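The values are calculated or read from the model by the stated rules, or taken from the named source; none is laboratory data. This one's a predicted model, so the numbers in the text were calculated from it and none came from an experiment. Using ideal geometry, Cβ is built from the backbone for each residue, glycine included, and neighbour counts are taken over all protein chains shown. Surface accessibility is based on the protein's heavy atoms, side chains included, excluding ligands, DNA and RNA. Shrake-Rupley method; radii C 1.70, N 1.55, O 1.52, S 1.80 Å.
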Amino acid sequence: MMSSASMISRDACVARDAADPLRGLRDRFMIPDGLIYLDGNSLGPMPRAAASALNRTIEQEWGHDLIRSWNSAGWFDMPVRLGDRVGALLGAAPGQTLVCDTTSINLLRPGRDVVIAEDESFPTDLYIVEGAMKSAGRPMKRRLIGTDGPSIDALLDETVAVAVLSHINYRTGALLDMATITRQLHDAGALVVWDLCHSIGVIEIAFDLHAVDFAVGCTYKYLNGGPGSPAFIAVAKAHQAAARHPLSGWWGHAAPFAFDRDFRPDQGIKRFLCGTQPIISLRGVDVALDAMEGVEVAALRQKSLALTELFMARVTALLPGLDVVTPRQPSLRGSQVGISFDKGYAVVQAMIERGVVGDFRAPDIMRFGFAPLYIRFQDVWDAADILAGCINAEVWRDPRFNRYLDVT
């Protein structure tokens, strides 16, 4: 990996792009001319093959073949088939992962009534934890890392049933040590659910090797499955018989087309399905995974670290007083860079107008994602220059950049 110190000019970045073994992957995606898209950590771009695949699903499979497509086009098996493909990115053997629209699971354990989470978790995780606790059927307690104690060590005891943790902090990009934390929780008799939304597709994950219990995540960020594309859930085979989905839907039945009156769960991963799955959205995930075919996650990780290193170094050189909150140590960060700035929302809006798309997370984080499938080193160099130009021009003085949109 070339260090950022050796990239002393834009020409050096262009040369680095020419030598990049992953350079051809960019052509697999629709990237508008003149746009630097640094928001793939929120919504990935459309794979070039997506339009024709989705049109075929709509016009031929649905429009012409109709209900026959549940069999002839493989609709019914898509959650499992795609799950195994996602599982390969997780380091999970087949039969442990589903791509589906539901990620809730029942994690009650006898004699344990505490759930650990992070106070900086993406809010959805905290909402799900809160809802699960209310529907548990017995009193449950929540302990938040950062509020109730500074670390897992401070909160962990024999009453903890499970910890729900984000592999990568959605605001700062800080990366947790999955292997060490999973082992620590297991030693205390607790289970763990990892949220992999910001790491799947850019970080090497070893689900089986690290004996992870459960993992959930989305497919529309670095996997590029499309807006609102389905989630995924991974459940270790050791837990599949005992874990219970709180919604007993017919797709999770052992024999759904037997139409039994009483629920009898599937013996494997399909027990975590609920109702009829969104086939058109699943097809978007299918073609998105095709766009990653033949690519080693280790190579993506290596390039990701080089991109983020260059951006942080360039921003620091141009704006030494700016507060980069993402860890500088490679092993401690994901594939995004967060910058704390009290006028950050306006700066992001001005950058978008200038052709660099990032996003903003309240109260003060400018967030930039560096998806190695399609981001170039020259894009990183140019984005840093445009960021510096916006701040030096004090763009927040322009009222139009301070109009808050519904989606930031």
Check your understanding: Around Asp17, what is the net charge, scoring Lys/Arg as +1 and Asp/Glu as -1 over all other residues with Cβ under 11 Å from its Cβ?
Key -> +3
Point to revise | Dipole axis of the chain (+1 Lys, Arg; -1 Asp, Glu on Cβ), positive-most option in Thr172, Phe207, Thr308 | key: Phe207
Review point. What spacing in nm lies between the two simple spin-label points modelled at Arg400 and Asp208, each 7 Å away from Cα in the Cβ direction?
Key: 5.5 nm
Review point. So how strong a dipole does the range 250-408 carry about its Cα centre when Lys and Arg Cβ are +1 and Asp and Glu Cβ are -1, to the nearest 20 debye?
Key: 200 debye
Check your understanding: Taking the Cα-to-Cβ direction at Asp113 and at Thr276 and moving 7 Å from each Cα, how far apart do the two end points lie in nm?
Key -> 4.2 nm
Check your understanding: Ranked by accessible surface with a 1.4 Å probe, highest first, in what order do Leu43, Leu319 come?
Key -> Leu43, Leu319
Check your understanding: Dipole magnitude of the chain about its Cα centre, charges +1 at Lys/Arg Cβ and -1 at Asp/Glu Cβ only, in debye to the nearest 20?
Key -> 360 debye
Practice item. Taking the dipole about the Cα centre of the chain, with the C-beta of Lys and Arg at +1 and of Asp and Glu at -1, give me whichever of Leu35, Phe360, Pro139 is farthest to the positive side. Key: Pro139
**Study point:** Listed candidates [x] 0.98; [y] 1.01; [z] 0.95 - label of the one calculated as Rg/Rh (Cα atoms, Kirkwood Rh)
**Key:** [x]
Check your understanding: What's the carbon and sulfur percent of the range 1-83's accessible surface, probe 1.4 angstrom, rounded to a whole number?
Key -> 58 percent
Review point. Taking 0.36 nm per residue of separation and subtracting the Cα-Cα distance, what length does fully extending Ala154 through Ser9 add?
Key: 47.5 nm
Exercise for review: For Cys100, enumerate residues with amide H under 5 Å from its amide H, sequence gap 5+ or separate chain, H modeled in the peptide plane.
Suggested key: Ala231, Phe232, Ile233
Point to revise | Electrostatic dipole magnitude of the range 296-340 [Cβ: Lys, Arg +1; Asp, Glu -1; Cα centre; debye, to 20] | key: 40 debye
Check your understanding: Using a 1.4 angstrom probe and counting only protein chains, how large is the accessible area of His167 in Å², to 10?
Key -> 10 Å²
Review point. Taking springs between alpha-carbon atoms closer than 10 angstrom, which of Phe377, Phe360, Phe257 fluctuates most in the Gaussian network model of the chain?
Key: Phe257
Exercise for review: Would you mind checking which residues have amide H under 5 Å from Val164's amide H? H placed 1.01 Å from N; only 5 or more apart, or other chain.
Suggested key: Ile116, Ala117, Val193
Exercise for review: Identify which of Ser229, Ser331, Ser166 has the largest mean-square fluctuation in a Gaussian network model of the chain, with springs joining Cα atoms closer than 10 Å.
Suggested key: Ser331
**Study point:** Restricting the range 220-266 to trypsin sites (Lys or Arg not before Pro) in coil, as DSSP defines it, with at most 16 other Cβ within 10 Å
**Key:** Arg261
Exercise for review: Please name which of Gln267, Leu155, Met292 has its Cα lying farthest along the dipole of the chain towards the positive end, using unit charges on Cβ (Lys, Arg +1; Asp, Glu -1) and the Cα centre as origin.
Suggested key: Gln267
Study note, to complete from the structure: Under the Karplus relation with 6.51, -1.76 and 1.60 and θ = phi - 60°, whole-Hz ³J(HN,Hα) for the range 85-92, x at Gly and Pro, equal 5, 5, x, 4, 6, 8, x, 10
